[in-house]
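Written out below as structure tokens is the structure these notes cover.
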Number of protein chains: 2
Amino acid sequence: MECINTIKGIREYLKPYMLQDKSIGFVPTMGYLHKGHGSLIEKAAKENDIVVVSIFVNPTQFGPNEDFEKYPRDLEGDLTVAKEAGATVVFAPVASEMYVEDKKTQVVVSDLTDKLCGASRPGHFQGVTTVVTKLFNIVKANKAYFGKKDAQQLAVIQKMVQDLNMDIEIIECPIIREEDGLALSSRNVYLSEEERQEALVLSQGLFSTKERIKQGERDCVQLKNELIELINTKPLSNIDYVNFVDVNTLEDINIIDDKVLIALAVKFGNTRLIDNITVEV
Amino acid sequence: MECINTIKGIREYLKPYMLQDKSIGFVPTMGYLHKGHGSLIEKAAKENDIVVVSIFVNPTQFGPNEDFEKYPRDLEGDLTVAKEAGATVVFAPVASEMYVEDKKTQVVVSDLTDKLCGASRPGHFQGVTTVVTKLFNIVKANKAYFGKKDAQQLAVIQKMVQDLNMDIEIIECPIIREEDGLALSSRNVYLSEEERQEALVLSQGLFSTKERIKQGERDCVQLKNELIELINTKPLSNIDYVNFVDVNTLEDINIIDDKVLIALAVKFGNTRLIDNITVEV
């Protein structure tokens, strides 16, 4: 498996495949790959002739007080995970390869990006949509694979692809969890043992909310209060948001009559974790 | 020469050419084609295996008080011009084919779009960059052809292509003029005979400014005042802007030491005309 660092290099690598009409699956990542990424790569490998994995810790999607500098990096480990999961080639550019100094262009998705994580991370999704557009233009894949763990990111990217007529299919992939329920995240390495133990309340709370809905509760205000109360029993927790929303528009839902995305972001110590579940009734 | 109205249709039409690695030249237009467009299509036909011409009066680049409704349209005439100039296929979608009702995504180029025409047409360039991105994603051409008459549009699109790693080459084409010097524009049909006569001052002024520079004048304040004075001798004229700027950044230039773009927008009656010239010293 090759690892290519330049835009010109990856384009030249992929060109012969395109001319042979080979299907290209694409898994964009920020590296520090875990089993969640592995599952995306495996799915891409099953569904396509070749799989491109990008590894790029994108500076423009981090806020000034966020964890860009200390975001975990391990290129060597990543190459092993990518290869074992079935990647054909890794694209791992440095920031100066991806951005010119006087960049002036942004891809902006409105409304969807103001809510949930967008409210507490201003500019984050603009950084995401812009870099994803750039990566799509570089790789020109047929399908791109994103995990449902970043449910808002998925909704934003789906809208962008539709609005800009990008010729790529976005494949939603399930959240991968530890055996005890914690959603996999590169940021989990930040957690102390105590924080990690308390963080289990997130998946437990989401699963028990799902049960409550299955049992007939439809009132999101009631369900939300219960979920918040449960999370607040953990002394190290600090809730950013707990929201019951439409899976596509991300607008708040009051009474569940079809499908609901329950999304939350909670800090444990300095580590902000997100998790979510979609429930159909 | 085929005329295709759907995105799916044009993609299917172009796919076999792409798989054969045929080069695709693209000329995006708002229709009402004149010799200026014709020259772009001819150049594209010389340099590529096939040529796609799009005809789409893009509503999102017109302001609320601008001329979207009355913008001249003549699809039949356009097809004749396109065919004679060497187009392989015309893509002529309706607005509902190009835009979903709940569109939320914009491609935004900052700085470059605040100046010149951007200052008096807020939102215009956002409409342009967004629709051009969409068209590029649909047609996937190797080269796209733009006239230098819209010098700011050209600078904005060049920047967008660079920043978003769009895999397309932007080809700048010279301004085509009537024999008396008037720059060709679909909007020239709006001009009364008197307005049209007075409008000749624009090209005459630009050419005489070029002469002044060739003779040694380097002070843009001086040159600008002379040019404004000349235009103001025409009673029907109403200057929007006359600017001496850097051809790439569009920043004002005070003293010419290399290359200058002299760009202007002037209304004659209700018709807003633009023209420009680039002078190297």
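Just so it is clear, none of the values below were taken in a lab; they were calculated from the coordinates. Note that the structure is a prediction, hence the values are computed from the model and not measured. Using ideal geometry, Cβ is built from the backbone for each residue, glycine included, and neighbour counts are taken over all protein chains shown.
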task: Check whether at least one residue in region B:39-51 is within 14 Å of another protein chain (Cβ to nearest Cβ) and hydrophobic (A, V, I, L, M, F, W, C), and report yes or no.
output: no
- prompt: So which residues in region A:1-39 are outside any loop (DSSP other than H, G, I, E, B) and within 19 Å of residue A:73 (Cβ to Cβ)?
  reply: A:3, A:4, A:27, A:28, A:29, A:35, A:36, A:37, A:38
statement: Scanning region B:19-76 residue by residue, the ones that are within 18 Å of residue B:125 (Cα to Cα) and among the charged types (D, E, K, R) total 2
field: Filter result (touching a strand residue (DSSP E or B) at 6+ places or on another chain (Cβ under 6 Å) and not in a loop (DSSP other than H, G, I, E, B)) within region A:188-197
entry: A:190, A:195
query: If the Cβ limit is 7 Å and pairs must be 6+ apart or interchain, which residue in region B:2-24 that is under 13 Å from residue B:139 (Cβ atoms) pairs with which residue that is crowded, with 18+ Cβ neighbours inside 10 Å and among the small types (Gly, Ala, Ser)?
result: B:24/B:141
- request: Look through B:100, B:131, B:107 and report the one residue that is within 12 Å of another protein chain (Cβ to nearest Cβ) and either among the polar types (S, T, N, Q) or in a helix (DSSP H, G or I) (or both).
  value: B:131
query: Looking at region B:185-202, which of its residues are within 24 Å of residue B:146 (Cβ to Cβ) and surrounded by fewer than 19 Cβ atoms within 10 Å (Cβ to Cβ)?
result: B:187, B:188, B:189
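Does region B:209-220 contain any residue that is on the phi > 0 side of the Ramachandran plot and part of a loop (DSSP other than H, G, I, E, B)? Full working, then the answer.
Step one: of region B:209-220, the residues on the phi > 0 side of the Ramachandran plot are B:216.
Those left that are additionally part of a loop (DSSP other than H, G, I, E, B): B:216.
Within region B:209-220, one or more residues are on the phi > 0 side of the Ramachandran plot and part of a loop (DSSP other than H, G, I, E, B).
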message: Give me the residue from region A:147-183 that is surrounded by 21 or more Cβ atoms within 10 Å (Cβ to Cβ) and assigned to a strand (DSSP E or B) and, out of that set, nearest to the other protein chains (Cβ to nearest Cβ).
response: A:147
task: Would you mention how many residues in region A:134-146 are out of contact with any Ser or Thr (no Cβ under 8 Å at 6 or more places or on another chain) and part of a helix (DSSP H, G or I)?
output: 4
- prompt: Among the candidates B:81, B:51, B:89, B:27, which residue alone is surrounded by 20 or more Cβ atoms within 10 Å (Cβ to Cβ) and under 27 Å from residue B:248 (Cα atoms)?
  reply: B:27
message: Among the residues of region A:248-276, what is the count of those that are aliphatic (A, V, I, L, M), surrounded by fewer than 21 Cβ atoms within 10 Å (Cβ to Cβ) and under 15 Å from the mean Cα position of the chain (by Cα)?
response: 0
- prompt: Any idea how many residues of region B:20-48 are among the acidic types (Asp, Glu) and in contact with a helix residue (DSSP H, G or I) (Cβ under 7 Å, 6 or more places away or on another chain)?
  reply: 2
Restricting region A:110-128 to residues that are at positive phi and more than 8 Å from every other protein chain (Cβ to nearest Cβ), the residue that is surrounded by the most Cβ atoms within 10 Å (Cβ to Cβ): A:116
- line: The residue that is nearest to the other protein chains (Cβ to nearest Cβ), considering only those in region B:8-24 that are surrounded by fewer than 19 Cβ atoms within 10 Å (Cβ to Cβ) and within 16 Å of residue B:97 (Cα to Cα), is B:11
message: Please go through region A:47-82 and give me each residue that is part of a helix (DSSP H, G or I), of a type in the set (Asp, Glu) and closer than 12 Å to residue A:31 by Cα, ordered by number.
response: A:76, A:78
query: Does residue A:74 satisfy the criteria of being of a type outside the set (Phe, Trp, Tyr), over 16 Å from residue A:135 (Cβ atoms) and touching a Phe, Trp or Tyr at 6+ places or on another chain (Cβ under 7 Å)?
result: yes
- prompt: Which ones in region A:126-138 are within 13 Å of the chain's Cα centre (by Cα) and free of Cβ contacts under 8 Å to residues at least 60 places away in the same chain?
  reply: A:129
Unique match (being farther than 17 Å from residue A:181 by Cβ and in contact with a helix residue (DSSP H, G or I) (Cβ under 8 Å, 6 or more places away or on another chain)) among A:270, A:238: A:270
query: Regarding residue B:118, is this residue without any contact (Cβ under 8 Å) to a residue 60 or more places away in the chain and either in a strand (DSSP E or B) or farther than 30 Å from residue B:243 by Cβ (or both)?
result: no
